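Below is one structure; the comments refer to it alone.
The values are calculated or read from the model by the stated rules, or taken from the named source; none is laboratory data. Since the structure is predicted, the reported quantities are computational estimates derived from the model, not experimental observations. With ideal geometry, Cβ positions are generated from the backbone for all residues, glycine too; neighbour counts draw on all protein chains shown.
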Amino acid sequence: MGHSVLCVTVQLRKVTASPLVSGEIGRGWCPRQDSNLRFRLRRAALYPLSYGGPACGDEPNASAPTTSLPPVSPSPSVSRSRPRVLVVDDTAALRLLIRINLELDGFDVDEAVDGQDALDQLASAADDDLPDVVTFDVVMPRLDGFTAAARVRETPRTRHLPLVIVTTQSGPADAARAAQIGVDGYVTKPFEPDTLIEAVRGALSRGSG
């Protein structure tokens, strides 16, 4: 039996409280059908989330305007005055939603599109420029989140990094594998924004303790 999943239009107004977040994703984008998303943005008055557009699987409307969201980089003046999180997820809209909630709560955010991209970024970063926390989705192309997290733990210069799994995989075997790897937090989608923030802050406090 088919599922009709709404596409999402995210419109973000640039505000003084969070100058790093602005832009628009047009109607042509659809979330993954298996994501089972039910995200709600906090402070909705500042960041309204509207739903509309064709169901996933429909052909996108070629005439519908779409604007790509430019990469967002922390300002050099604040890059290390706030904790920095590397968000690893192959779905751009999920990275954006996680980014918004983290930035609203006082974090800076970098992004990676899959596990391999995350490992490449960590390998090329200077020791004093590693992120303070890494969040991993699990099901991703090239390299899944569990394997990437295990490699972070196996690498001497990154094994201390706090890790949080953010995934739809909620079975006991998945939680057991995460525990075996040694992750510091496990959040299942769909989640409340406060649950994500608490997991990231908890991982950060354990990592610095």
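Quick rundown of the values:
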{"item": "Helices (runs of 4 or more DSSP H) completely within the range 65-162 that count 1 or more residues being within 25 Å of Thr195 (Cα to Cα) and either polar (S, T, N, Q) or modelled with pLDDT under 95 (or both)", "result": "92-104, 145-154"}
{"item": "Odd one out for Glu192, checked against (1) in contact (Cβ under 8 Å) with a residue 60 or more places away in the chain; (2) over 12 Å from the mean Cα position of the chain (by Cα); (3) surrounded by 18 or more Cβ atoms within 10 Å (Cβ to Cβ)", "result": "(3)"}
{"item": "Single unsatisfied condition, Arg206 versus (1) at pLDDT 95 or above; (2) over 15 Å from the mean Cα position of the chain (by Cα); (3) not small (Gly, Ala, Ser)", "result": "(1)"}
